[in-house]
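The values are calculated or read from the model by the stated rules, or taken from the named source; none is laboratory data. Predicted model, so just to flag it, every value in this text is computed and none were measured. All Cβ positions, glycine included, derive from the backbone under ideal geometry; neighbour counts span all protein chains shown. Ligands, DNA and RNA are stripped out before the accessible areas are found, and what is left, the full protein with its side chains, is counted by its heavy atoms. Shrake-Rupley method; radii C 1.70, N 1.55, O 1.52, S 1.80 Å.
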Amino acid sequence: VGPKKEVAECKEKFASSMDPTVSQTFMLDRVFNPEGKSLPPMRGFKYSSWSPLGCDANGRCLLAALTMDNRLTIHANLNRLQWVQLVDLTEIYGERLYEASYKLSKADTPRGELGDFSEFQRRHSMQTPVRMEWSGICTTQQVKHNNECRDVGSVLLAVLFENSNIAVWQFQLPFLGKESITSCNTIESGINSPSVLSWWEYEHNNRKMSGLIVGSAFGPVKILPVNLKAVKGYFTLRQPVVLWQEMDQLPVHSIKCIPLYHPYQKCSCSLVVAARGAYVFWCLLLISKAGLNVHNSHVTGLHSLPIVSMTADKQNGTVYTCSSDGKVRQLIPIFTDVALKFEHQLIKLSEVFGSVRTHGIAVSPCGAYLAVITTEGMTNGLHPVNKNYQVQFVTLKTFEEAAAQLLESSVQNLFRQVDLTDLVRWKILKDKHIPQFLQEALDKKIESCGSTYFWRFKLFLLRILYQSMQKAPSEVMWRPSHEDAKILISDSPGMGSTEDDQEEGTSKQASKQSLCDTGKGMDVDDTAEDSLPQSSDIGGREPMEEKLLEVQAQIEAVEMHLTREHMKRVLGEVYLHTWITENTSIPTRGVCDFLMSNDGYDDRTARVLIGHILKKMNKQTFPEHCSLCKEILPFTDRKQAVCSNGHIWLRCFLTYQSCQSLVYRRCLLHDSIARHPTPEDPEWIKRLLQGPCTFCDSPVF
């Protein structure tokens with residue numbers, strides 16, 4: 001809010017002021033006085049907001065966090081299980097205001113000095129965030145040096161301040177830090193005592209419209225236009241739209257915007273729901289030839305106490321609300337000729353968890369789970385002495401519904417539907433078999449369209465089946481061992497860390513516990529020999545062992561099919577981006593030979609593609625060489641390369657190059673490894689290296 005020395009002098013002046021309206025206001029306001037002296041320290045978080053998928057360097061979410069001392073920061077999960085702060089937006093915004101003399105526009109009249117308490121309050125309120133929300137990913141056009149235009153993804157973060165201003169930050173994707181900030185614009189909302197913020201995003205006739213919904217602690221709700229330049233296909237409102245204007249002293253606690261399809265009007269529409277006290281305010285927005293139609297009302301009789309949390313399933317428009325007495329309401333929108341109505345039913349958590357108090361709810365991305373934060377409720381009319389906060393999970397879909405949604409999914413990405421796959425995984429682990437209807441439906445999908453998504457889904461099911469059929473370990477896998485017995489590694493080759501052995505590429509042995517721990521995430525064919533009970537007589541194997549071998553063979557067949565499909569894609573990129581007899585770092589000849597090595601594999605597309613590539617290579621082979629001994633690295637295995645001197649290098653599953661470096665990346669579920677892009681790599685290889693895992697769709701770290 002000003003130079004440090006001047007701020008310290010002003011704080012001392014206000015704290016010792018003889019005017020109680022100044023001194024008491026200053027001492028009790030934790031924004032001005034975060035130290036608080038005798039007051040408890042300001043630790044923890046006020047609010048957090050997740051960005052859409054695909055915003056960080058790994059294609060995952062960014063996290064915007066607002067701390068109790070009003071500092072807004074953005075964090076990213078750059079390495080596995082490691083969160084890093086990328087930028088401090090409070091500091092950057094404060095610097096911008098300082099340079100502009102705390103004026104939002106050049107036309108603003110100069111205000112008083114910092115020594116004036118009202119000016120001191122104004123400078124703090126214009127930098128104290130109340131809420132922040134991410135928009136969807138939009139496309140901007142960037143002009144290159146040769147005047148070519150290329151589409152660049154960007155995302156917006158709207159920050160609502162105490163003085164009712166809204167700062168809209170625009171970030172270029174992937175977001176890497178301060179250098180990825182494109183712009184920051186400030187909008188005056190004109191709402192007194194703002195309490196909540198949400199993006200309004202509406203698609204009409206392939207035109208995307210956007211705005212910001214702001215709610216007040218006094219009751220009003222309105223949508224503000226957001227004007228953005230250089231955003232492709234982006235439109236906004238001409239003027240603010242008031243959704244609710246009554247100052248009825250019902251504070252707006254939470255706002256959700258749900259895109260829906262109107263079955264009677266035959267067009268898309270937007271449903272805005274807001275929690276106001278113990279009621280749910282809803283507003284249906286629909287664009288017709290007459291303009292923007294607005295229908296609004298309240299849903300009453302839901303809770304006897306104020307709503308403490310609200311969440312929405314954007315797949316089907318279902319809204320969930322909860323009050324602190326442990327009651328959750330499910331509201332299902334049903335369209336009528338004019339607008340809509342809600343059917344609601346009560347979910348009593350006390351029947352599932354006993355007497356509990358609820359503090360918050362959230363629904364998983366595909367609507368499979370409802371997460372509830374609870375503490376113990378009253379026992380014999382008495383409150384508990386201590387509060388133990390727990391996150392409880394309630395399933396909202398059956399196994400059959402989750403399986404049907406996965407089969408008919410338009411996303412076709414297992415990682416983005418991980419809540420649905422978790423329901424399927426739990427069912428197979430429990431029953432120890434894949435239901436017949438799911439097997440038949442999946443086989444029909446594979447025969448009809450042949451998409452690799454259904455092959456990956458099949459691989460997921462087989463891996464879970466394999467895991468369910470194995471013997472349970474005698475010890476709890478996550479519990480650390482406190483035994484300090486020293487043994488020679490050479491005497492017990494099976495006791496080493498499986499993950500370390502795989503990463504070094506020096507051992508192919510693994511323990512049963514490691515396979516069960518990583519579950520579907522590990523390469524099954526590398527560990528199958530040690531996972532299966534050994535038997536000297538093949539004919540005398542038990543039926544379970546034979547079943548395990550059968551499932552393992554199916555897993556290997558599906559993995560090989562997915563590998564071949566990805567090899568064809570890599571060869572297609574090589575053909576499109578190389579000249580005659582050009583040496584790329586990709587072992588093109590080795591991949592071609594590997595594809596054609598199996599006589600049973602007859603793919604006309606692959607044969608034609610390989611013929612064109614070999615003709616372009618003009619009898620050149622361009623083999624890879626071992627960096628230790630300079631010997632040729634033959635392409636005989638999709639997972640690793642071994643030279644004639646026995647040096648072993650793991651292969652990148654995205655480009656099939658040998659990873660001859662000390663560091664490389666790994667898929668989130670530890671399926672495969674991939675090398676890091678290098679500065680000399682052409683753009684098309686860098687694009688290949690940005691892809692997800694070809695077996696499980698997980699991002700690569």
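Within region 350-386, count every residue that is part of a strand (DSSP E or B) and either under 25 Å from residue 256 (Cβ atoms) or in contact (Cβ under 8 Å) with a residue 60 or more places away in the chain (or both). The total comes to 15.
In summary, residue 166 fulfils each of the numbered conditions (1) closer than 16 Å to residue 96 by Cβ; (2) without any contact (Cβ under 8 Å) to a residue 60 or more places away in the chain; (3) loosely packed, with under 15 Cβ neighbours inside 10 Å with the single exception of condition (3).
Of the residues making up region 401-425, those that are within 19 Å of the chain's Cα centre (by Cα) and β-branched (Val, Ile, Thr) are 411, 418, 421.
The residues of region 316-349 that are closer than 19 Å to residue 202 by Cα and either among the hydroxyl-bearing types (Ser, Thr, Tyr) or in contact (Cβ under 8 Å) with a residue 60 or more places away in the chain (or both), listed by number, are 318, 319, 333, 335, 340. Restricting attention to region 570-583, the residues that are surrounded by 13 or more Cβ atoms within 10 Å (Cβ to Cβ) and modelled with pLDDT of 80 or more add up to 8. The one condition from (1) hydrophobic (A, V, I, L, M, F, W, C); (2) under 29 Å from residue 285 (Cα atoms); (3) surrounded by fewer than 18 Cβ atoms within 10 Å (Cβ to Cβ) that residue 328 does not meet is (3). Scanning region 589-636 for residues that are open to solvent by less than 50 Å² (accessible area, probe 1.4 Å), out of contact with any Cys (no Cβ under 8 Å at 6 or more places or on another chain), at pLDDT 90 or above and in a loop (DSSP other than H, G, I, E, B) yields a single hit, 635.
Among the candidates 268, 309, 297, the residue that is in contact with an Asp or Glu (Cβ under 7 Å, 6 or more places away or on another chain), in a strand (DSSP E or B) and either open to solvent by 30 Å² or more (accessible area, probe 1.4 Å) or farther than 16 Å from residue 246 by Cβ (or both) is uniquely 268. Do we have any residue at all in region 417-425 that's at negative phi and open to solvent by 90 Å² or more (accessible area, probe 1.4 Å)? Within region 417-425 (the criterion being at negative phi and open to solvent by 90 Å² or more (accessible area, probe 1.4 Å)), the answer is no, since none of the residues qualifies.
Kindly provide the set of residues from region 196-215 that are more than 24 Å from the chain's Cα centre (by Cα), at negative phi and modelled with pLDDT under 95, ordered by number. Steps first, please.
Initial filter on region 196-215 (more than 24 Å from the chain's Cα centre (by Cα)): 204-207, 214-215.
Subset that is at negative phi: 204, 207, 214-215.
Result: 204, 207.
Within the group 672, 661, which residue is at pLDDT below 90, closer than 17 Å to residue 587 by Cβ and surrounded by 17 or more Cβ atoms within 10 Å (Cβ to Cβ)? It would help to see each step written out before you state the result.
On the way: 661 fails: surrounded by 17 or more Cβ atoms within 10 Å (Cβ to Cβ).
Matching residue, one of 672, 661: 672.
Can you name the residue in region 581-631 that is small (Gly, Ala, Ser) and in contact with a helix residue (DSSP H, G or I) (Cβ under 9 Å, 6 or more places away or on another chain) and is also nearest to residue 681 (Cα to Cα) among such residues?
Step one: list which residues in region 581-631 are small (Gly, Ala, Ser), which gives 585, 590, 597, 600, 606, 611, 627.
Still in the list and also in contact with a helix residue (DSSP H, G or I) (Cβ under 9 Å, 6 or more places away or on another chain): 585, 606.
Working: 585: 8, 606: 25 Å.
Only one residue fits best here, namely 585.
Of all residue pairs spaced 6 or more apart or on separate chains, those with beta-carbon atoms under 7 Å, a first member in region 219-245 that is modelled with pLDDT under 85 and a second member that is among the basic types (Lys, Arg) and outside any loop (DSSP other than H, G, I, E, B) are 233/207; 233/208; 234/208; 235/207; 235/208.
Just one of (1) in the same structural domain as residue 298 (by the TED database); (2) open to solvent by 60 Å² or more (accessible area, probe 1.4 Å); (3) modelled with pLDDT of 90 or more fails for residue 193. It is (2). In region 602-625, the residues that are of a type in the set (Phe, Trp, Tyr) form Cβ pairs under 7 Å with partners that are part of a helix (DSSP H, G or I), at six or more places apart or across chains, as follows: 622/588; 622/589. Of the residues making up region 374-397, none is open to solvent by less than 50 Å² (accessible area, probe 1.4 Å) and among the aromatic types (Phe, Trp, Tyr).
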